[in-house]
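The values are calculated or read from the model by the stated rules, or taken from the named source; none is laboratory data. These numbers come from a predicted model, not from an experiment. Heads up, the Cβs are rebuilt from the backbone with ideal geometry, glycines too, and the neighbour counts pull from every protein chain shown. Areas reflect the complete protein model, heavy atoms only, side chains present, ligands, DNA and RNA absent. Shrake-Rupley method; radii C 1.70, N 1.55, O 1.52, S 1.80 Å.
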Amino acid sequence: MTTAGTPMIRMAAVDKHFGDLHVLRDINLDVESGQVVVVLGPSGSGKSTLCRTINRLEPIDSGTIQVDGTDLPAEGKALAGLRADVGMVFQSFNLFAHKTILENVTLGPIKVRKDSKADAEKNGLALLERVGIANQKDKYPAQLSGGQQQRAAIARALAMKPKVMLFDEPTSALDPEMVNEVLDVMTTLAKEGMTMLVVTHEMGFARRAAHRVVFMSDGEIVEDAKPEEFFSNPTSDRAKDFLGKILSH
Amino acid sequence: MDVLVDNLDLYLSAFGQTILLFLVAAVGSLVLGTVLAALRVSPVPILRSFGSAYVTVFRNTPLTLVLFFFAFAYPRLELVDLSFFARASVGLILYTAAFVCEVVRSGINTVPVGQAEASRALGFGFGQTLTQVVLPQAVRSVVPPLTSVQIALLKNTTIASGFSVFQAGGIYAVLSEQGDNVFIGLLWVSLGFLILVAPLTLLQRRLENRWSVAR
């Protein structure tokens, strides 16, 4: 039940510690339906953790997180149901190593959505077609290149027909020549109106596809602006410093 | 050769019982051991404690004690009346399951955390994550030690002769009663076990080859 005005993701006053380390400090973030938000920041700034709290792969210490108007439930059936609606793409792909590419894409729909095998395969093949690896469907993940694996992982997440997609540094583990094939898929997805939260170092993607850029440093959201504003006119020193380091060469 | 030929019926029925006892205990211990491994990695502390307590007790108790318990102490408890064969099976299953559990658990530890995370992110619960994603990969990585545990089980069935389950380990007793050459007779028994282990080794190799593509 998406009502107008309810953000797809709402994080309010979220705090989290890893032991003594305060990884998320008073995070307040709304992502509207259909919006693409790119999270930037130096390593260790908490951006991956932020992404992983949204489907509760990382529990939080305090604050609230809502997905499509519903508070994140505690571990159990309800949480599993919510996770099924939130697609996630990992830095290290995490395709199921003992399943073929097609099985990877159909396992969730069959076991969680209770789709028939025929339907799941039809839909899965269409998705593999869409990300350009339908001809690899019977191979195992280890037999594919990194770029192909990541595209398969995106197809696997899409097969669940998620309301929102989380990308946790999807291109950081890829060889440079394979980054674009993955970003192309993501850009298309963004244009089609998918709600996306993307943690990345790809400034080009942020400029091209993002509606908003969120800049994090030391566990805080320091800036939250449109991409052109952020890249041409960062207001905080930390953002200026960060952009200076990555854009200077 | 005479010892074998003259007592062929004895050998066949004894090894028949050995095989039967092994099959029952193998299936039972693999199932129970896997369930125990699941308990040991479950998110519920009580189940985890139960799993590790079980392993501590049964892995550290000599098998002869476990079997003697079922042979002599169990009937005094006057619970369910079980045949000697059933009691021997239960003893072997309980004992071997502790070893299967630890092997499977070490297999679970070889599966990268990301596999379970991806599975949870898709909406799988703990049970589905375990049965669909983690255990299949865990078992693939522990085929050799799991085979070793099952081979040990096959040989451990001989201890069941301690209480009236007649199987290959008891052949020598009959032979010596008849005045046959027990030494030769035992050589045939050990050859029998070599032959029984061969298919297990073969199965291990098959599974390793078939599953080698997976990673």
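Just to verify a number: FRET efficiency for A:E177 and A:D71, C-beta to C-beta distance, R0 = 60 Å, to 0.05? Using R0 = 60 Å, I get an efficiency of 0.90.
So which chymotrypsin sites (Phe, Trp or Tyr not before Pro) in segment A:65-103 end up in coil per DSSP with only 12 or fewer other C-beta atoms within 10 Å?
Working: sites: A:F90, A:F93, A:F96; in loops: A:F90, A:F93, A:F96.
Those that pass, being in a loop and sparsely packed, number zero.
Within the full protein context, the accessible area of A:D85 is estimated at about 40 Å² for a probe radius of 1.4 Å.
Annotation note: trypsin sites (Lys or Arg not before Pro) in segment B:54-132 located in DSSP loop regions with a Cβ neighbour count of at most 13 within 10 Å are absent.
Return the subset of A:K47/A:K163; A:K16/A:K111; A:K47/A:K161; A:K77/A:K114; A:K139/A:K163; A:K111/A:K163 for which the Cα-Cα distance in this structure is over 23 Å, preserving the input order. Flagged as over cut-off: A:K16/A:K111; A:K47/A:K161; A:K139/A:K163.
State, to one decimal in nm, how far the label point of B:L203 lies from the label point of B:A173, with both points 7 Å from Cα in the Cβ direction. So the label points at B:L203 and B:A173 sit 2.8 nm apart. Burial annotation for segment A:77-96: residues with an accessible-area loss of at least 50 Å² between the isolated chain and the complete set of protein chains, computed on heavy atoms with a 1.4 Å probe, are A:R83, A:N94, A:F96.
Placing +1 on the Cβ of every Lys and Arg and -1 on the Cβ of every Asp and Glu, with no other charges, gives segment A:125-249 a dipole of roughly 500 debye about its Cα centre. Please report how far the C-alpha centroid of segment A:79-148 lies from that of segment B:45-75, rounded to the nearest whole angstrom. Here the two parts' Cα centres lie 43 Å apart. Against the criterion of solvent-accessible heavy-atom surface with a 1.4 angstrom probe, A:I54, B:I151 sort, most first, into B:I151, A:I54.
Whenever you get a sec, compute what percent of the accessible area on the protein assembly as shown sits on carbon and sulfur atoms (1.4 Å probe). Heavy-atom surface of the protein assembly as shown belonging to carbon and sulfur, 1.4 Å probe: 58 percent. I'd like the distance between the alpha-carbon centres of segment A:8-77 and segment B:123-194, rounded to an integer number of Å. First find each Cα centre; the distance between them is then 52 Å. Among A:V198, B:V182, the sequence by solvent-accessible area, most first, with a 1.4 Å probe is B:V182, A:V198.
Buried accessible surface for the B/A chain pair comes to about 1900 Å², total over both chains, computed with a 1.4 Å probe. Which shape class, rounded, prolate or oblate, goes with the protein assembly as shown when its Cα gyration tensor gives a ≥ b ≥ c as root eigenvalues, a/c under 1.5 marks rounded, and past that a/b bigger than b/c marks prolate? Cα axes put the protein assembly as shown in the prolate bin.
For the protein assembly as shown, the Cβ-based charge dipole about the Cα centre amounts to some 480 debye (Lys, Arg positive; Asp, Glu negative; other atoms uncharged). Just checking the listed ones, A:G41, A:G108, A:G204: in the Gaussian network model of chain A with Cα springs under 10 Å, the one fluctuating most is A:G204.
In chain B, the DSSP-assigned H stretches of four residues or longer account for a calculated mean residue ellipticity at 222 nm of -24000 deg cm²/dmol, using -39500 (n - 2.57) per stretch and the full residue count as denominator. Each of A:Y140, B:Y74, B:Y172 has its accessible area taken with a 1.4 Å probe; listed largest first, they run B:Y172, A:Y140, B:Y74. A dipole drawn for segment B:16-167 from +1 and -1 charges on Cβ atoms has a positive end, and of B:S106, B:F85, B:A160 the residue lying farthest that way is B:S106. The trypsin sites (Lys or Arg not before Pro) of segment A:111-204 that DSSP puts in a loop, and whose beta carbon has at most 11 other beta carbons within 10 Å, are A:K114. The charge dipole of segment B:16-167, taken about the Cα centre with unit charges on the Cβ atoms of Lys, Arg (+1) and Asp, Glu (-1), comes to about 200 debye, rounded to the nearest 20.
A dipole drawn for the protein assembly as shown from +1 and -1 charges on Cβ atoms has a positive end, and of B:T18, B:S141, A:G69 the residue lying farthest that way is B:T18.
When both bridge partners sit in the protein assembly as shown, DSSP labels roughly 55% of those beta bridges antiparallel.
What is chain B by shape, rounded, prolate or oblate, if you read a ≥ b ≥ c off the alpha carbon gyration tensor as root eigenvalues and call it rounded for a/c under 1.5, prolate for a/b larger than b/c, and oblate otherwise?
Numbers: a/c = 3.37, a/b = 1.70, b/c = 1.98.
Because a/c hits 1.5 or more and a/b fails to exceed b/c, chain B counts as oblate.
The label-point distance for B:L82 and B:N60, in a model that sets each label 7 Å from Cα toward Cβ, rounds to 2.4 nm.
Remark: segment B:16-167 carries 43 Å² of accessible area per residue (probe radius 1.4 Å; ligands, DNA and RNA excluded).
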